[in-house]
């Protein structure tokens, strides 16, 4: 049985960039571009109508920006959230931090090689977060500096975590990969994956990006 192609919605206010992204993605047999939008409000309308697997979202656009659109499509409390991959030319600035807190599954620089764009779409579509541990470590300082208060916030779901799951969450928040966590805890990588899955499920969050942010916002790290 053939797996259906990954459905992608392109959101960028620059026609040339949208054309370039479409050409790159259309060349892949497992990816199809189902629509385009030039700003956030149109992106929300099209995403809800077309139900893409991934929205490739620019941050800075006229009208509603990519952060507001991401929050509407993937933010806290959104029923049936849509996966959003953020595009930026600015690297790890405050806009990227805010987009990740708004529910994005990761980000990609606009000048990344075509093969990176294709792989990013596949990673996010598969339900994984596009945030390598090395990038996570750089992101942590940004998140910490943008939090309005250092006071610890209580989230009831944290009490559902076992001692080992809480330990895994803290290590995730420090930017360790599954392999690094396994080495530190002297367990198998498969065991770590099970713990990570349970942490995400109990906290009702989609991926490691949200886990990292939650850990910082609740004062765990």
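The values are calculated or read from the model by the stated rules, or taken from the named source; none is laboratory data. Worth saying up front: this structure is predicted, and the values here are computed from it rather than measured. Glycine gets a Cβ as well: all are built from the backbone with ideal geometry, and neighbour counts include every protein chain shown.
For residue 86, the requirement of being under 16 Å from the mean Cα position of the chain (by Cα), farther than 20 Å from residue 127 by Cα, in contact (Cβ under 8 Å) with a residue 24 or more places away in the chain and outside the structural domain of residue 210 (by TED's automatic domain parsing) is not met.
All conditions but one from (1) surrounded by 15 or more Cβ atoms within 10 Å (Cβ to Cβ); (2) at pLDDT below 90; (3) closer than 24 Å to residue 77 by Cα; (4) under 19 Å from the mean Cα position of the chain (by Cα) apply to residue 198; the one that does not is (2). For region 15-29, the tally of residues that are in contact (Cβ under 8 Å) with a residue 24 or more places away in the chain and out of contact with any strand residue (DSSP E or B) (no Cβ under 6 Å at 6 or more places or on another chain) stands at 4. Residues in region 113-128 that are in contact (Cβ under 8 Å) with a residue 40 or more places away in the chain, surrounded by fewer than 13 Cβ atoms within 10 Å (Cβ to Cβ) and over 13 Å from the mean Cα position of the chain (by Cα): there are none. Checking each residue in region 6-57 for being in contact with a helix residue (DSSP H, G or I) (Cβ under 6 Å, 6 or more places away or on another chain) and in a loop (DSSP other than H, G, I, E, B) picks out 12, 28, 53. Restricting to region 129-181, name every residue that is touching a helix residue (DSSP H, G or I) at 6+ places or on another chain (Cβ under 8 Å), at pLDDT below 70 and under 30 Å from residue 3 (Cβ atoms). Those that are touching a helix residue (DSSP H, G or I) at 6+ places or on another chain (Cβ under 8 Å), at pLDDT below 70 and under 30 Å from residue 3 (Cβ atoms): 129, 130, 131, 133, 136. Evaluating residue 112 against the criteria (1) outside any helix (DSSP H, G or I); (2) in contact with a helix residue (DSSP H, G or I) (Cβ under 7 Å, 6 or more places away or on another chain) leaves one unmet condition, (2).
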